[in-house]
Amino acid sequence: MILMQEIANFIRKVRLDFILSGQQVLEIADSFKESMVAGLGGRESCLKMLPSFLARPSGREEGIYLAVDFGGTNVRVLLVELEGRGKFRVLDRRLFQLRDSREGYDFTSPGATARELFGFIAGKIEELVLEGKEYPLGHTFSFPSRQLGVNRAVLLKWTKEIKTSGLEGEEVSEILLGCLERRKLQNVVPMAVINDTVGTLLASAYDDAGTVMGSICGTGHNTCYVEPRWPLTGKEMIVNMESGNFDRFPLTFYDRLLDSESGKIGEQLLEKAVSAHYIGDLAGLIIREAISEKLIFTGLDQKFFGRNFITARDISLLLADQSKELTLVAQWLGSKGIADSLLEERVALKTVASIIITRSAQLVAATYLGVLKHIDPQNERQCTIAVDGSLYELTPGYAGKLRLTLDNILKEKAGLAKIRPARDGSGVGAAIAAAIARLLPQNGPG
Ligand code: BGC
């Protein structure tokens, strides 16, 4: 028997635990700003504040570039033409999976080596390039990496549960170069390696000079921004904050549980609270708790709502259901082996999905506000925040909730901060980075 009042109480408690008040959003923004300043000053901080060795483009960069975008379980290879005046064309675009159980490979598992992984990527590059033509290459590598220069990056640690052996602590760019050389691809010339957030920022800044942040809300989460005065040079620098590792926000019981069951305990706490890789499991943990308290889906086996039972894509599907009887939710449950669900159960499921998404957008918005507090404390300037990623793009209501959280805090100044989707940003940004790097004195003629 379903106890309506008890379900309502349970959901109310979950909502209270997760949803942030305006005051909490402000406090998180303040802590975020403090962590940025500490990281910039070389003090202990959960934000790594990694320099990219790049400033914003002029918009006049031109030419044809190859871009490799390695962000998680797939890799994209693109051929991009930069036309100058902020315009570009994607001439060719291919997507490859790094794991395929039917083909029997998985380059993201501990059983695979870094050389095998990049050997595979070099093979895919080979399929796209023509002999006798030179291709400057921009490489987007979407993991925390310490840049030693525009074209040199050392992987600090894997995130998003990728586990390929032998790359942590190694120079990513050298390994890719070695693999290109082994395939005799001397005509492919790596010029730049960047984070995907940096790519997103560059792609937006190419035609909008007011872009100050690039952010990914997808499988993983992270934001970079334009630091007006980098401490060592006094000049503009795009800084990869690795904000997925931010940890100064209220963690719920479920966040702690999810963390304790993850590959790297205590790390990437913001990413675990907001990103597509984790939010399905977070919702699953809440539903499991309701099941164990015998509130919904009574009598269901433990195997339901375990890891990967709900994905971020499922969350989008649940949220898209506007029907009175929640028929799409019912169908989804049916496809997962749960037939004959009750309307109350479906409502509870959809509400949990909505709570998780709302908190994700609130937390992300709080970090954007933290950046604005640092670079423009009085909110005086027009600025653009470029955002890419499946969560932002595909989750019903996500972009609106992000916007609303900013508006509620910025009030009459809200119009100054524009949020802009940047589709394909990380690939196009890699081409722009290669174009900028080509013009650097060390790469010039002679
Ligand atoms: C990585 C970041 C990346 C983000 C989005 C995180 O897991 O640490 O470097 O920018 O995912 O792809």
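Quick notes
- Taking a point 7 Å from the Cα of Gln24 along the Cα-to-Cβ direction, the residues of the stretch 273-301 with backbone N closer than 20 Å to it are 273-276, 278-290.
- Summed over qualifying helices (DSSP H, 4 residues or more, each -39500 (n - 2.57)) and divided by its residue number, the chain shows a 222 nm mean residue ellipticity of -13000 deg cm²/dmol.
- Along the stretch 430-440 the Karplus relation, 6.51 cos²θ - 1.76 cosθ + 1.60 evaluated at θ = phi - 60°, assigns HN-Hα couplings of 5, 5, 5, 4, 5, 5, 5, 5, 4, 8, 5 Hz to successive residues, with x for each Gly and Pro.
- Working from label points 7 Å from Cα in the Cα-to-Cβ sense, the Glu83 to Ser165 distance is 4.9 nm.
- Choice from Ser101, Ser35, Ser260 with maximal GNM fluctuation in the chain (Cα, 10 Å cutoff): Ser101
- Distance (nanometres) between label positions extended 7 Å along Cα→Cβ at Leu410 and Arg146: 3.5 nm
- Comparing Arg12, Arg56, Arg94 in a Gaussian network model of the chain (Cα springs below 10 Å), the most mobile by mean-square fluctuation is Arg12.
- Tensor-based shape of the stretch 58-154 (alpha-carbon gyration tensor, a/c under 1.5 rounded, otherwise prolate or oblate): prolate
- Diffusion constant of the chain at 20 °C, which comes from Stokes-Einstein with the Kirkwood Cα-pair radius and 1.002 mPa s, µm²/s: 94 µm²/s
- Projected-area mean, the stretch 165-204, by convex hull of Cα positions, square nanometres: 3.9 nm²
- Cα long-axis angle, helix 343-375 against the chain (0 to 90 degrees, to the nearest 10): 40 degrees
- About its Cα centre, the dipole of the stretch 242-306 is roughly 160 debye, where the only charges are +1 on Lys and Arg Cβ and -1 on Asp and Glu Cβ.
- Close amide H contacts of Val189 (hydrogens built in the peptide plane, cut-off under 5 Å, sequence separation of 5 or more or a different chain): Tyr135, Leu137.
- Gyration tensor (alpha-carbon) shape descriptor, the stretch 63-109, a/c threshold 1.5: prolate
- Highest-MSF residue in the chain out of Gly214, Gly415, Gly389 [GNM, Cα springs under 10 Å]: Gly415
- The chain, relative contact order in percent, only Cα pairs under 8 angstrom and at least six apart counted: 22 percent
- Within the chain, percent of DSSP bridges classed antiparallel, to nearest 5: 65 percent
- Here the simple spin-label model places points 7 Å from the Cα toward Cβ, and for Lys133 and Ala320 these points are separated by 3.6 nm.
- By the equivalent-ellipsoid construction on the alpha carbon gyration tensor, the stretch 70-213 comes out with semi-axes of 25, 19, 15 Å, ordered largest to smallest.
- Global form of the stretch 306-446, assessed from the alpha-carbon gyration tensor, a/c cut-off 1.5: oblate
- Along the axis of the charge dipole computed for the chain (Cβ charges of +1 for Lys and Arg, -1 for Asp and Glu, origin at the Cα centre), the listed residues Ile291, Thr395, Gly337 are led at the positive end by Thr395.
- Amide H within-cut-off set for Val387, under 5 Å, with H built and near neighbours excluded: Ser215, Arg420, Ala422
- Helix 172-182 and the longest principal axis of the C-alpha atoms of the chain enclose an angle of approximately 60°.
- Length added when fully stretched, Arg60-Leu91, from 0.36 nm per residue minus Cα-Cα: 9.3 nm
- Taking all Cα pairs closer than 8 Å and separated by 6 or more residues, the relative contact order of the stretch 45-90 comes to 32 percent.
- Percentage relative contact order, the stretch 129-260, counting C-alpha pairs under 8 Å, at least six apart: 20 percent
Readers should treat all values here as calculations from the given coordinates under stated rules, not as data from a laboratory. From a predicted model like this one, the values you see are computed outputs, not experimental measurements. Every residue, glycine among them, receives a Cβ derived from its backbone with ideal geometry; neighbour counts consider all protein chains shown.
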